[in-house]
Amino acid sequence: MSELQEILDRAADGGRISPEEALELYTKAPLHALGRAADAARRRRFGDTAHIATYLIDRNINYTNVCVTACKFCAFYRPPKHEEGWVRDLDDILRRCGEAVELGATQIMLQGGHHPEFGVEYYEQVFSAIKREYPQLTLHSLGASEVEHMAKVSGVSIEEAIRRIKAAGLDSFAGAGAEILVERPRKQIAPLKESGERWLEIMETAHRLGVESTATFMMGTGETNAERIEHMRMIRDVQDRTGGFRAFIPWTYQPENNHLKGRTQASVLEYLRLVAVARLFFDNIAHLQGSWLTVGKEVGQLTLHFGADDLGSVMLEENVVSAAGARHRSNRLELIHLIRKAGRVPAQRDTLYNHLVVHDDPANDPVDDRVVSHFSSTAIERGIAHPELRIVVAEAHSGGA
């Protein structure tokens with residue numbers, strides 16, 4: 001038996017592989033053998049429910065595009081005092097939450113720029129208002145970068161900031177701001193952001209305080225293969241201590257309207273190989289999500305054969321990634337169809353990956369054609385999503401709600 005096959009078999013059986021072995025698999029393992037091993041690891045992990053692949057209905061609400069961090073890959077942000085900067089008022093945010101509930105969303109992801117005036121108090125106000133109006137919505141929002149920023153603005157510790165926004169209604173953190181955690185490439189694309197070690201430290205604090213999260217990876221900004229594996233190693237080490245990452249979500253950098261301008265990108269094959277290696281490497285993270293939004297629906301479907309158990313969400317609104325060029329739209333029925341055509345039974349899930357509706361009979365599939373994802377309304381000139389959602393770009397404001 002070859003050395004590569006031995007590593008594949010061990011990982012498929014649930015054994016731990018080292019970062020060095022993961023790099024060997026990522027760069028040298030035959031594609032089909034890599035996919036088979038990852039799929040075996042997935043089936044082993046999920047057992048009686050391995051025939052199911054999940055999706056989510058949620059809405060990303062961006063509360064401001066004003067940001068002091070100026071990441072080179074971002075096409076969404078505007079610096080403070082820029083004429084195209086805006087802040088959504090609280091009524092606008094609540095209206096969007098109401099529309100999401102009407103369309104069956106179970107989760108809201110609030111994300112935005114690092115506004116120079118937004119401290120912990122701003123987020124307390126927004127979260128408590130949403131929970132008061134829509135207690136059924138899960139607030140899976142923000143990330144370590146926003147926590148670092150709000151704590152600085154308010155002059156409080158990371159721990160106090162997390163405790164306060166949790167008390168106000170935050171249910172879990174998104175993996176936002178991870179990008180790549182390794183120092184060299186992180187400094188190149190986001191020199192003003194906190195270090196990868198600091199990002200993980202904040203997540204570890206959150207996990208200790210009872211706030212779980214996801215972990216993400218934006219690949220294709222000029223990092224090496226070894227740095228891709230190192231990013232996952234850093235996450236796995238924290239997960240060994242906390243168990244607080246419920247999912248790993250890799251996605252690909254989008255090249256439009258930003259300073260990097262697509263000089264570096266990740267190919268479809270690189271992406272699929274990374275998904276498979278992630279399933280084999282993360283013996284301590286339950287879920288792995290394929291990103292149809294950035295790589296397209298057909299590749300998203302393929303990830304279900306490379307270790308992924310989830311296809312992410314029918315995003316009723318998404319402005320950040322699509323502002324950088326992601327143009328893939330979908331709807332609930334199409335995601336259900338993609339999952340079924342991949343040989344799996346589709347199921348709608350909640351934030352904690354509980355199955356809400358299992359679509360085991362096509363005759364009973366939902367027929368609400370309003371549950372549709374859309375292009376960014378800010379990415380296309382005068383662009384608008386589907387009219388029934390009445391999604392518009394908020395008017396500019398000088399301060400927060």
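I'm trying to understand the selection: among the residues of the stretch 179-215, which are in a strand (DSSP E or B) and surrounded by fewer than 24 Cβ atoms within 10 Å (Cβ to Cβ)? Reasoning before the result, please.
Quick first cut of the stretch 179-215, residues in a strand (DSSP E or B) only: 213-215.
Listed by number, the list holds a single entry, THR214.
I'm trying to understand the selection: among the residues of the stretch 53-97, which are of a type in the set (A, V, I, L, M, F, W, C), at pLDDT below 90 and part of a strand (DSSP E or B)? Explain how you work it out, then say what you get.
At the first step, the residues of the stretch 53-97 found to be of a type in the set (A, V, I, L, M, F, W, C) are 53, 56-57, 61, 66-68, 70-71, 73-76, 86-87, 90, 93-94, 97.
Going one step further and asking which of them are at pLDDT below 90, we end up with 66-68, 70-71, 73-76, 86.
The one that is of a type in the set (A, V, I, L, M, F, W, C), at pLDDT below 90 and part of a strand (DSSP E or B): VAL66.
Taking the stated definitions as given, is THR69 touching a Leu at 6+ places or on another chain (Cβ under 8 Å) and closer than 26 Å to GLY307 by Cα?
On the way: touching a Leu at 6+ places or on another chain (Cβ under 8 Å): yes; closer than 26 Å to GLY307 by Cα: no.
No; evaluated as a whole, the condition is false for this residue.
Can you name the residue in the stretch 92-120 that is closer than 20 Å to ARG332 by Cβ and polar (S, T, N, Q) and, of all such residues, is surrounded by the most Cβ atoms within 10 Å (Cβ to Cβ)? Show your work before the answer.
Taking the stretch 92-120 and keeping what is closer than 20 Å to ARG332 by Cβ, we get 96-109.
Going one step further and asking which of them are polar (S, T, N, Q), we end up with 106-107.
On the way: THR106: 20, GLN107: 22.
Among those residues, the one meeting the criterion is GLN107.
For the stretch 50-83, what are the residues that are touching a strand residue (DSSP E or B) at 6+ places or on another chain (Cβ under 8 Å), touching a residue at least 24 places away in the same chain (Cβ under 8 Å) and loosely packed, with under 15 Cβ neighbours inside 10 Å? Steps first, answer last, please.
Initial filter on the stretch 50-83 (touching a strand residue (DSSP E or B) at 6+ places or on another chain (Cβ under 8 Å)): 51-67, 73, 76-80, 82.
Narrowing the set further to residues that are touching a residue at least 24 places away in the same chain (Cβ under 8 Å) leaves 51-67, 73, 76-78, 80.
Answer for the stretch 50-83, where residues must be touching a strand residue (DSSP E or B) at 6+ places or on another chain (Cβ under 8 Å), touching a residue at least 24 places away in the same chain (Cβ under 8 Å) and loosely packed, with under 15 Cβ neighbours inside 10 Å: HIS51, PRO80.
If you take the residues of the stretch 121-178 that are outside any helix (DSSP H, G or I) and of a type in the set (Phe, Trp, Tyr), which of them is surrounded by the most Cβ atoms within 10 Å (Cβ to Cβ)?
Selected residue: PHE173.
Take residues that are modelled with pLDDT of 70 or more and tell me which of the helices (runs of 4 or more DSSP H) falling wholly in the stretch 295-394 contain 2 or more.
Working: elements: 297-303, 320-323, 332-341.
Per the criteria, 297-303, 332-341.
The values are calculated or read from the model by the stated rules, or taken from the named source; none is laboratory data. No experiment lies behind these values; they were computed from the predicted model shown. Note that each Cβ is placed from the backbone with ideal geometry, even for glycine, and that neighbours are counted across all protein chains shown.
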